[in-house]
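A short write-up of the structure that comes next.
The values are calculated or read from the model by the stated rules, or taken from the named source; none is laboratory data. Given the structure is predicted, the values throughout are model-derived calculations rather than measurements. So basically every Cβ, Gly included, is an ideal-geometry build from the backbone, and we count neighbours across all protein chains shown.
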Amino acid sequence: MNKSRHPLRDAHTDRDATREVPDTPQTRAPAYRLAFADDDFMCREELRPVRLQLELLKPEMMLDAHRITSTIVLFGGARIPSPANKDKARTRTLADLSHFYDEAREFSRLMTLKSLQSDGRENVIVTGGGPGVMEAGNRGALDAGGHSIGLNIVLPHEQAPNEYVTPELCFNFHYFAIRKMHFLMRARAICVFPGGFGTLDELFEALTLIQTGRMQPVPVLLFGRAFWEGIINWEVLADAGTISDEDLSLFRFVDSASEAMHLIENWQELPTRDKLPGRG
């Protein structure tokens, strides 16, 4: 019995059929290629809206197919080494931060064990799929016998995801904006480890969405109080009035995996903001 949802010939069949056509000047011409199977056509500037839609749809459909309903997001520096490799760190500070690799790994292990107590489809670890803290996050999930997601981005200097991402949940992106959406669309908590520009960008994107009521509040946990207070003077922002005092409650500092687990497990759900404190 035909399992197709409609009686029309499907795209896969026609795509395969075009590989068997006679070799003529007409069939070799770019105009003859099926539009959806024409890589050169799909990469044209005018097709950017279509590519944006495809990058939104593909991971969404695949995560739905795996019945993943919620995620725990890990952001953090790609340059932070594991403690075993801290002697190779470029700076003394990076070497000193290496213990956060172990904290990220342990946090992911504990969270994945808790997820597996149900069906393993809720609170699945998601990272950027790269090295450093991202590797530690995916590695911890594997330690627990669970799966994890990697949302990679094409960069000139990083061509492969870390080896601990679950292969069928390992995605690759061209557009940073769509990748950010996928980080937050299922997020139940956001854990941010020490990092650089990328980590800061992801942190402030999430805080801005929660601050402005564009996203429901979730736990935003900053691992390493000394690091975060050393690079950002949060109180100066509040004293200056560029953020409100209430905005300082949008995140919490933690220093260990167990502390983060406790805060997430005891999180009291809050309503989405309907006004911006300090405005007006």
Single unsatisfied condition, GLY129 versus (1) surrounded by fewer than 17 Cβ atoms within 10 Å (Cβ to Cβ); (2) touching a residue at least 12 places away in the same chain (Cβ under 8 Å): (1)
Take ALA104 and tell me if it is within 16 Å of GLY196 (Cβ to Cβ), in contact (Cβ under 8 Å) with a residue 60 or more places away in the chain, among the small types (Gly, Ala, Ser) and not in a loop (DSSP other than H, G, I, E, B). yes
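Here is a yes/no grid of residues against (1) surrounded by fewer than 19 Cβ atoms within 10 Å (Cβ to Cβ); (2) in contact (Cβ under 8 Å) with a residue 24 or more places away in the chain:
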{"residue": "VAL133", "(1), (2)": "no, yes"}
{"residue": "LEU151", "(1), (2)": "no, yes"}
{"residue": "PRO167", "(1), (2)": "yes, no"}
{"residue": "MET181", "(1), (2)": "yes, yes"}
Taking first residues from region 228-252 that are touching a residue at least 12 places away in the same chain (Cβ under 8 Å) and small (Gly, Ala, Ser) and second residues anywhere that are surrounded by 11 or more Cβ atoms within 10 Å (Cβ to Cβ) and outside any helix (DSSP H, G or I), the pairs with Cβ under 9 Å that are 6 or more apart or on different chains are GLY241/GLY278; SER244/LEU276; SER244/PRO277; SER244/GLY278
Exactly one of (1) of a type outside the set (Ser, Thr, Tyr); (2) free of Cβ contacts under 8 Å to residues at least 24 places away in the same chain; (3) surrounded by 14 or more Cβ atoms within 10 Å (Cβ to Cβ); (4) farther than 30 Å from THR112 by Cβ is unmet by LEU52. Its number? (2)
How many residues does region 201-226 hold that are closer than 21 Å to SER108 by Cα and outside any loop (DSSP other than H, G, I, E, B)? 8
The condition of being touching a strand residue (DSSP E or B) at 6+ places or on another chain (Cβ under 7 Å) and either closer than 20 Å to MET181 by Cα or outside any helix (DSSP H, G or I) (or both) holds, among ILE80, ILE72, only for ILE72
Quick check on region 151-171. Is at least one of its residues over 20 Å from HIS262 (Cα atoms), among the polar types (S, T, N, Q) and over 16 Å from the mean Cα position of the chain (by Cα)? yes
Taking the condition of being of a type in the set (A, V, I, L, M) and touching a Leu at 6+ places or on another chain (Cβ under 8 Å), how many residues in region 47-67 meet it? 2
Scope region 255-269; condition out of contact with any Gly (no Cβ under 8 Å at 6 or more places or on another chain) and either of a type in the set (Phe, Trp, Tyr) or modelled with pLDDT of 95 or more (or both); matching residues: SER256, ALA257, SER258, GLU259, ALA260, MET261, HIS262, LEU263, ILE264, GLU265, ASN266, TRP267
All but one of (1) outside any helix (DSSP H, G or I); (2) loosely packed, with under 15 Cβ neighbours inside 10 Å hold for THR93; state the number of the condition that does not hold. (1)
Hey, does region 231-243 have a residue that's within 21 Å of the chain's Cα centre (by Cα), surrounded by fewer than 16 Cβ atoms within 10 Å (Cβ to Cβ) and either not in a strand (DSSP E or B) or not acidic (Asp, Glu) (or both)? no
